[in-house]
Amino acid sequence: MKLTTAFLVALAVTVATTSAVAVKRAAPQGIDVSHYQGAVNFAAAAANGISFAYIKVTEGTTYIDPEFSNNYVAATNTGIIRGGYHFAHPDASSGATQAQYFLAHGGGWSSDGITLPGALDIEYNPSGAECYGLSASAMVSWIQDFSNTYHSHTGVYPVIYTTTDWWTTCTGNSAAFGSTNPLWIARYASSIGTLPAGWAYTTFWQYADSGSNPGDQDEFNGSLQGLKNLALG
Ligand SMILES: *[C@@H]1O[C@H](CO)[C@@H](O)[C@H](O)[C@H]1NC(C)=O
């Protein structure tokens, strides 16, 4: 995931002043990875406590993560509950087009008990215009287009990965998705803080960008059975 320098500085301060991210966690643990992590040793990660993983599939309509296939197969063979994620480029093409690209390259879903709904990673892009140059209402429409397209092909709504700061700034804190799309919030602190409008709780929490396993560190807000239920749809 891409993070702004300011966010990383804030993280460094948080880590320096609290030991929050080192606290032992009871909820199901997971990771999210992309080609930056190379070929992930999922057997080692599973032995070290993870039960789920999100693996980057695509960006926009021009990029397929070169490690996606290898890592998805490796996670599957290790018995990890896994899903794919798509990094949104709302300035590049429509939400429907990007959902179809994601679906066509491994981001699909089936009710097999081991596949998490695909995730839409929507956040600041440090190399682009703020909010990709879209108004809040255009951004909400773009996300709806992606989400509805994904739902019409798979029967489930995609998870939305974001930060409260980005969502507030770029969607006008839209409450339009809280009753349909599971939330995956990124916040590197000891508590999750204020959630975006519309969501009463988060489904996933990305609480650190490094830790005892490869990639970003995540947890599921619930029990292992709850995680399996999400994978069943
Ligand atoms: C986790 O989910 C429960 C509802 O199942 C909710 O009460 C709680 O606030 C959630 N935690 C977070 C951090 O969202």
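Here, each number is a calculation from the coordinates, and none is a lab measurement. Just so it is clear, the model here is predicted, and its values are computed rather than measured. Using ideal geometry, Cβ is built from the backbone for each residue, glycine included, and neighbour counts are taken over all protein chains shown.
Per residue of the chain, what 222 nm ellipticity follows from adding -39500 (n - 2.57) for every DSSP H run with n ≥ 4, rounded to the nearest 500?
After summing the helix terms and dividing by residue count, I get -9500 deg cm²/dmol.
Which order, highest average first, do 149-159, 50-60 follow once you tally other Cβ atoms within 10 Å for each residue and take the mean per peptide?
Packing order, densest peptide first, comes out as 50-60, 149-159.
Would you list the P(r) distribution for the chain, with all Cα-Cα distances sorted into 10 Å bins from 0 and each bin expressed as a whole %?
Pair shares across the bins are 8, 35, 40, 17, 1.
Rounded, prolate or oblate: which fits region 174-217, taking a ≥ b ≥ c as square roots of the Cα gyration tensor eigenvalues, rounded meaning a/c under 1.5, else prolate when a/b beats b/c?
prolate
How large is the translational diffusion coefficient of region 194-233 in µm² per second when you combine the Kirkwood radius over alpha carbon pairs with Stokes-Einstein at 25 °C and 0.890 mPa s? Walk me through the numbers on the way to the answer.
Details: Rh = 11.8 Å.
Stokes-Einstein gives a translational diffusion coefficient of 209 µm²/s.
Where does the charge balance sit around Cys170 when Lys and Arg score +1, Asp and Glu -1, over other residues with C-beta under 12 Å from its C-beta?
Once all neighbours under 12 Å are counted, the net charge is -4.
Where nothing but the Cβ of Lys and Arg (+1) and of Asp and Glu (-1) is charged, how large is the charge dipole of the chain around its Cα centre, in debye to the nearest 20?
Dipole about the Cα centre, nearest 20: 500 debye.
Calculate the all-directions average of the projected area of region 72-136's alpha-carbon convex hull, and give it in nm².
Values: hull surface 22.1 nm².
Orientation-averaged projected area of the Cα hull: 5.5 nm².
What does the C-alpha gyration tensor say about the overall shape of region 144-233? Classify as rounded when a/c is under 1.5, otherwise prolate if a/b is larger than b/c, or oblate.
oblate
Where is the GNM fluctuation largest for the chain (alpha-carbon springs, 10 angstrom cutoff): Thr194, Thr162, Thr76?
Result for the chain, Cα springs under 10 Å: Thr194 fluctuates most.
Sort 166-173, 222-229 for me by packing, meaning the mean count of neighbouring Cβ atoms within 10 Å per residue, highest on top.
166-173, 222-229
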